[in-house]
Structures are given as structure tokens and as C-alpha cells.
Amino acid sequence: MADSGGERRPVLVQWILDTRNLWPEASKTKDLETVASRALALLTPEEKAGVLRYMFVRDAKMSLGSHLLKHYAVSRLHGVPWREAAITRDPRTKPVYRDPATGGQPVSFNVSHQAGLVALVAVARFDGEVEVGVDVVCASERRGRDHKMVAEEGWPAFVDMHADVFAPGEAAYLKFQVLSGGALPAGSSAEAVLDFKLRCFYALWCLREAYVKMTGEALLAKWLRELEFRAIRPPAVAAASSSSSSDNEAQGGAVKVEEIWFQGQKVQDANVCIRSWGPDYMTCTAVRTPGREADGLAFELGPYEVLSMDEVLSFAESMM
């Protein structure tokens, strides 16, 4: 990422913070007040209180990581002191940073977290409107529950349980066509077949979530079922992930998504890419620049950069 030496071209960053192995001494959320005091001290009183309200420590750690990444993105990319990187919400409840001098958004960002991973995508120094969305899913987090539900109800019924989130064409594809075209090797076990179907299901969920978040809406948007991703294939499974490594070994295949349709028209202005991270996770980035379609499409949505908590904390303390 070129964010030093006076470089002022637009920049897009994609970051992952893995909280799964952080502060292992904390068995309860209140333990974070002691073992994660350095990190909590960097939040506003309201943010800190929000973190400590979580019942489960794993959720509190993700919330803490999410707050830190948002401040880190604004402070690092906009060059303002940490305490001045104030995060507010726009009328659609999307977290934003507004420059107090101009009222503009010099850094546009979005954050997502699931099963211990926190992902943030941000665009800075773009001289126009830019919208970004990100989502992270863990296809195996509810594997036991999902397999049980499918065994009891059947795969079509499992898809139908979530049909209000998908377009009708997507639900039909998941139910009846997802195994077409040699998606799996001949002779795959029933368990492997179901795992692949579930991976397709969660890949589609990830794509839709990132796209909808890019628009500033939520999965309750009235137009949700008019948005359709067609014939989606998930990215290839990646190698085992490592929170201590910043290389790309944990990131496997990536799929640049072209077949996006809205209200019967093909979407031409959205830059969307989904990729695997480790054997279980997938991340999706969605970005567009309204009125300047080519600029948004030109952003390279490459591998995510893995951040360590130490580098985030050290940077924050240097910018106080």
C-alpha cells in the first residue's frame, strides 16, 4: 500500500485482523479489561462500553478489533491523530468518518467480522463519491447444525428457509443446479457433496452481503430479491490460515464476479471479488464509484493484507 512519501493517488486497502488467538487468558468478557487494557484504552468510552457488553468473549474481541481497524484506517490513510479519527454513523446507520473541516469523507470504509476474523476494506484519496462493502463468512462455523438440518429437512427445504434473502433465481440455482458442470469429482461422498453445496450457499451469502453493504443498505432492503448473482461458483479452498503471517499462503482462489443483475438489467458499475482465506473462510469486496464507473472498476481487488494486533496498537500509540 502506497501511503507514504507524499503519494496522493487513490488507494484501496483490504485488511484482515485475526482475533481468534488474541488474549488467550480471557475466558470471560470482563477479563479483557485487564488483559486487553492497552487496546481498550484506544477506544472512546462509548466504544469501550459497547465491547464490554458482549456476553461472549469471542464476540467482544471481534468488536474490539472492528473498532480498532476503523480508527486505524482513518488515522493511517488520512494522516490524522488517533483521537481525531472519530467514527460516526450516516443516516443509513453505516459507520463513516467525516472530516470536521470539510464535512467530506476522505476515507470510505466498511468492516465485517465472523468466527474470529475482522475484515476491513477502505478507499482513500479519491476525488469523488466512492462506495465500499465487505463481508466475511465461515462456511464451517455452523457445519454440524447445517448438516443436521439438511439431514432432517432436505437440501431444498434448507435453501427455502433463507429464501427471503435470495433472489428467486438464486434459490432455484442453489436447490437444483449447483452441482451442474462437473462441480465435483465423480464419486464424491455424500458428505463432500453437501459441504460443497454449503460452500456455494455461504459464498452467495457473502457476495450479497458485501454488495448490499456497499449500497449502504442492509439485508432487509426492500429491493433485495431483485438483486441476483447468477451461476456462482465459490473460490477454491485455500491452505491453512495463520494469524502470524502476512504472506498470501492462507489465501486461495479468487473469483471476480461479472454476472450481477438488478431489476432485470446487468450491473455494469460494481467491482466485486470473492476469495478464500484458509480452508473455511471467504471474504468479498465490493466497490463502485457512482458517476465514474471506470474508476471503480480499475481498482485491483487483490489479496488481503494480514495485520497483527501489535502493529495496530503501536501505530495508534505513535499517533496519539
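The values are calculated or read from the model by the stated rules, or taken from the named source; none is laboratory data. Quick caveat, the model's predicted, so the values are computed rather than measured. Cβ sites come from the backbone with ideal geometry, for glycine too, and all protein chains shown count toward neighbours.
Structure above, values below:
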| item | result |
| --- | --- |
| Residue in region 78-86 that is part of a helix (DSSP H, G or I) and acidic (Asp, Glu) present | yes |
| Residue within region 93-101 that is under 20 Å from Met214 (Cα atoms) and exposed (fewer than 13 other Cβ atoms within 10 Å of the Cβ) present | yes |
| Subset of region 22-53 [β-branched (Val, Ile, Thr) and under 15 Å from Asp310 (Cβ atoms)] | Val35 |
| Residues that are in a loop (DSSP other than H, G, I, E, B) and in contact with a Leu (Cβ under 7 Å, 6 or more places away or on another chain), drawn from region 27-42 | Ala36, Leu42 |
| Every residue from region 102-141 that is charged (D, E, K, R) and either buried (at least 18 other Cβ atoms within 10 Å of the Cβ) or closer than 29 Å to Val237 by Cβ (or both) | Glu131, Asp135, Glu141 |
| Residues of region 271-302 satisfying the condition of being under 18 Å from Ser112 (Cβ atoms), touching an Asp or Glu at 6+ places or on another chain (Cβ under 9 Å) and part of a loop (DSSP other than H, G, I, E, B) | Asp280 |
| Selected residue (only one of Val193, Val178, Val212 is buried (at least 17 other Cβ atoms within 10 Å of the Cβ), of a type outside the set (Phe, Trp, Tyr) and out of contact with any Gly (no Cβ under 8 Å at 6 or more places or on another chain)) | Val178 |
| Matching residues, region 304-320, being part of a loop (DSSP other than H, G, I, E, B) and under 15 Å from Leu43 (Cα atoms) | Met319, Met320 |
| Residue in region 201-223 that is at pLDDT 95 or above and farther than 30 Å from Asp90 by Cβ present | yes |
| Filtered residues of region 121-145 (kept if among the basic types (Lys, Arg) and over 24 Å from Arg199 (Cα atoms)) | Arg125 |
| Qualifying residue in region 193-208 (condition: part of a helix (DSSP H, G or I), small (Gly, Ala, Ser) and within 30 Å of Tyr97 (Cα to Cα)) | yes |
| Boolean, Lys148 is part of a helix (DSSP H, G or I) and touching a helix residue (DSSP H, G or I) at 6+ places or on another chain (Cβ under 8 Å) | no |
| Residue match in region 231-240 (condition: at pLDDT 95 or above, in contact with a Leu (Cβ under 8 Å, 6 or more places away or on another chain) and of a type outside the set (Gly, Ala, Ser)) | no |
